[in-house]
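Below you'll find the structure, written out as structure tokens, and then a few comments.
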């Protein structure tokens, strides 16, 4: 794995995690460190701007395409990142629709 997923830059996602991956609470310390260290390479492999060179990178691309299940820690944390950032967030409300207006029978305008 020393030659796999190398990238000279640290991965940041200022749009979804403006204070950093480790400070948001979605990821464990280990997961945040993996994303920060390998995230740029993973993003390039997923988008196709970088060709996989090692068997680990080829397996990662297969996981991204849905051909295999995520097995390694890097694959699992990337799938978690995709799920957290690209799928719509569920929104729950306490009200069931339009606000109900109560009519007061005491006040009648003649």
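Each residue in the stretch 21-33 was checked for being modelled with pLDDT under 85, within 29 Å of residue 53 (Cα to Cα) and assigned to a loop (DSSP other than H, G, I, E, B), and 0 of them qualify. All of (1) more than 16 Å from residue 76 (Cα to Cα); (2) touching a residue at least 24 places away in the same chain (Cβ under 8 Å) hold for residue 24 with one exception: (2).
Does residue 68 fit the bill of being without any contact (Cβ under 8 Å) to a residue 24 or more places away in the chain and either in contact with a strand residue (DSSP E or B) (Cβ under 8 Å, 6 or more places away or on another chain) or not in a loop (DSSP other than H, G, I, E, B) (or both)? No.
To keep it simple, each residue is scored yes or no on (1) modelled with pLDDT of 90 or more; (2) surrounded by fewer than 16 Cβ atoms within 10 Å (Cβ to Cβ); (3) in a loop (DSSP other than H, G, I, E, B).
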{"residue": "19", "(1), (2), (3)": "no, yes, yes"}
{"residue": "35", "(1), (2), (3)": "yes, no, no"}
{"residue": "43", "(1), (2), (3)": "yes, no, no"}
{"residue": "51", "(1), (2), (3)": "yes, yes, yes"}
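The values are calculated or read from the model by the stated rules, or taken from the named source; none is laboratory data. Keep in mind that this is a model prediction, so the values were computed, not measured. Virtual Cβ from ideal backbone geometry, glycine too; neighbours counted across all protein chains shown.
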